[in-house]
1. Of the residues Ala146, Ala158, Ala181, only one is under 30 Å from Glu108 (Cα atoms), in a helix (DSSP H, G or I) and not hydroxyl-bearing (Ser, Thr, Tyr); which?
2. Would you check which residues across the range 74-105 are under 30 Å from Ala130 (Cα atoms) and open to solvent by less than 10 Å² (accessible area, probe 1.4 Å) and list them?
3. Restricting to the range 95-119, count the residues that are of a type outside the set (Phe, Trp, Tyr) and modelled with pLDDT of 90 or more.
4. Ala181: without any contact (Cβ under 8 Å) to a residue 24 or more places away in the chain, hydrophobic (A, V, I, L, M, F, W, C) and in contact with a helix residue (DSSP H, G or I) (Cβ under 9 Å, 6 or more places away or on another chain), yes or no?
5. Just checking, which of Glu148, Glu135, Glu144 is in contact (Cβ under 8 Å) with a residue 60 or more places away in the chain, out of contact with any Leu (no Cβ under 6 Å at 6 or more places or on another chain), open to solvent by less than 70 Å² (accessible area, probe 1.4 Å) and within 18 Å of Val100 (Cα to Cα)?
6. Inside the range 40-63, can you point out the residues that are within 20 Å of the chain's Cα centre (by Cα) and in contact (Cβ under 8 Å) with a residue 40 or more places away in the chain?
7. Search the range 15-49 for residues being hydrophobic (A, V, I, L, M, F, W, C) and open to solvent by 70 Å² or more (accessible area, probe 1.4 Å), and hand back the single one that is modelled with the highest pLDDT.
8. Going through the range 97-132 one residue at a time, which ones are among the hydroxyl-bearing types (Ser, Thr, Tyr) and free of Cβ contacts under 8 Å to residues at least 24 places away in the same chain?
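The values are calculated or read from the model by the stated rules, or taken from the named source; none is laboratory data. In this text the structure is predicted, and so the values were computed from the model without any measurement. Cβ placement follows ideal geometry from the backbone for every residue including glycine, while neighbour counts extend to all protein chains displayed. The area values use the complete protein model at the heavy-atom level, side chains included, leaving out ligands, DNA and RNA. Shrake-Rupley method; radii C 1.70, N 1.55, O 1.52, S 1.80 Å.
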Amino acid sequence: MPSKQPPTLGSLAVQATPHLVHVSPSTCHNLSMFKDLLKEYRRLDDTITMRLNRSNAQFRDRDRAGTSGKGNIQDQACAYVWKELVENWKRRTEMINYCVDIVDQSMEEKRKSLTSEEGDARAQRKTQAAMFADEVKRNQVHNELAIEKIVRQRSLDAFRSRCQYFSPPLTDSEARKWWDAVHIQESP
């Protein structure tokens, strides 16, 4: 009989990276599901300090065991957490932009439908009500882009307070792009 793995508890449960979810148009139209999914993906940002502490401990243990990489422990831990942050930011941004496109497309289809229903007042009212509902969704989804900037900035501030001398390697163009984008936002 195979042994059953105990559930992950405590800070390890919080540290777990969310599983990759395939977002469909129905996810974008269901605001509760969309926001829950974003909340799950933002957990990494919410626990940045704890993740840095755990990564430092993990790389310190590797160093003691003689299996550490090159560079000092702090630099290795910062690079590891930075890579996780960038991957997570990228996934969230792709998801939000996808949903923005889906909701915008739905609005456009309803606008076209409204013009084709000129003689049918009942159908027009129904379409206008659906457009109003989509407009609310559209505003909510677009608001997530602004929220995302705030979450990233807060995470970066926490990250830099612990990794003051970190800079992503020039060879990692994706990480550099995110690093530069966040620094541009800080400029007055």
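1. Numbers: Ala158 fails: under 30 Å from Glu108 (Cα atoms); Ala181 fails: under 30 Å from Glu108 (Cα atoms).
Testing whether each residue is under 30 Å from Glu108 (Cα atoms), in a helix (DSSP H, G or I) and not hydroxyl-bearing (Ser, Thr, Tyr) leaves just Ala146.
2. Of the residues in the range 74-105, the ones under 30 Å from Ala130 (Cα atoms) are 91-105.
Passing the criteria: Arg92, Ile96, Cys99, Val103.
3. If we filter the range 95-119 for residues that are of a type outside the set (Phe, Trp, Tyr), which is where we start, we get 95-97, 99-119.
From what's left, modelled with pLDDT of 90 or more: 95-97, 99-105.
Counting residues in the range 95-119 that are of a type outside the set (Phe, Trp, Tyr) and modelled with pLDDT of 90 or more gives 10.
4. On the way: without any contact (Cβ under 8 Å) to a residue 24 or more places away in the chain: yes; hydrophobic (A, V, I, L, M, F, W, C): yes; in contact with a helix residue (DSSP H, G or I) (Cβ under 9 Å, 6 or more places away or on another chain): yes.
Answer is yes for this residue.
5. Details: Glu148 fails: in contact (Cβ under 8 Å) with a residue 60 or more places away in the chain; Glu135 fails: in contact (Cβ under 8 Å) with a residue 60 or more places away in the chain.
So the residue among Glu148, Glu135, Glu144 that is in contact (Cβ under 8 Å) with a residue 60 or more places away in the chain, out of contact with any Leu (no Cβ under 6 Å at 6 or more places or on another chain), open to solvent by less than 70 Å² (accessible area, probe 1.4 Å) and within 18 Å of Val100 (Cα to Cα) is Glu144.
6. Tyr41, Arg42, Leu44, Asp45, Ile48, Thr49, Leu52
7. As a first pass, look at the range 15-49 and keep what is hydrophobic (A, V, I, L, M, F, W, C): 16, 20-21, 23, 28, 31, 33-34, 37-38, 44, 48.
In the following step, the residues that additionally are open to solvent by 70 Å² or more (accessible area, probe 1.4 Å) were identified as 20, 33.
Numbers: Leu20: 58, Met33: 91.
Ranking the candidates gives Met33 first.
8. Step one: of the range 97-132, the residues among the hydroxyl-bearing types (Ser, Thr, Tyr) are 98, 106, 113, 115-116, 127.
Ser113, Thr115, Ser116, Thr127 - these are the residues of the range 97-132 that are among the hydroxyl-bearing types (Ser, Thr, Tyr) and free of Cβ contacts under 8 Å to residues at least 24 places away in the same chain.
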